[in-house]
Amino acid sequence: MKLKRISLHIGSEKTGTTRIQRLMHENRQKLNDIGILYPKCFGYTNHLDISVSCLSYEKITPARKQKGLIYPEIIEKFKNTKKSEL
């Protein structure tokens, strides 16, 4: 069985996060060719949908509001959709 790994790059503002995400996005096919998946289901370039999925149901951030994720039922459906897309 081949070992599979998930790596998360997490950074606050001004730490190069956006640049790394852009490079990963621009080189998605090259990464895929060497066995690295940079998925589109959490956001085509950046993966904002991961953060809005991981917050507690009570935490309503501007990103959640923008996506219409303000009720627990809608958040749960969103999370399940992302899980199945991955």
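The values are calculated or read from the model by the stated rules, or taken from the named source; none is laboratory data. Everything quoted here is computed from the prediction, not taken from an experiment. With ideal geometry, Cβ positions are generated from the backbone for all residues, glycine too; neighbour counts draw on all protein chains shown. Ligands, DNA and RNA are stripped out before the accessible areas are found, and what is left, the full protein with its side chains, is counted by its heavy atoms. Shrake-Rupley method; radii C 1.70, N 1.55, O 1.52, S 1.80 Å.
Taking every protein chain into account, the accessible area of the chain amounts to 83 square angstrom per residue (probe 1.4 Å).
Nearest 20 debye, what's the magnitude of the dipole of the chain about its Cα centre given +1 on Lys and Arg Cβ and -1 on Asp and Glu Cβ?
Taking the Cα centre of the chain as origin, the dipole is about 180 debye.
Full extension of the chain between K83 and T15 gives 21.7 nm of extra length, using 0.36 nm per residue less the Cα-Cα distance.
State the extension gain, in nm to one decimal, for the chain segment bounded by H25 and T45, taking 0.36 nm per residue of separation less the distance between their alpha-carbons.
Numbers: separation 20, 0.36 × 20 = 7.20 nm, distance 0.53 nm.
The span from H25 to T45 would gain 6.7 nm if fully extended.
Protein heavy-atom surface of the chain, 1.4 angstrom probe: 57% of the accessible area is carbon and sulfur, with nucleic acids and ligands not counted. Considering the chain as a Gaussian network with a 10 Å cut-off on Cα pairs, which listed residue, Q29, Q21, Q66, attains the greatest mean-square fluctuation? Greatest mean-square fluctuation among the candidates belongs to Q66.
With every protein chain in place and a 1.4 angstrom probe, the accessible-area ranking of R28, R22, R5, largest first, reads R5, R22, R28. The value of relative contact order for the chain, using C-alpha pairs under 8 Å at least six residues apart, is 20 percent.
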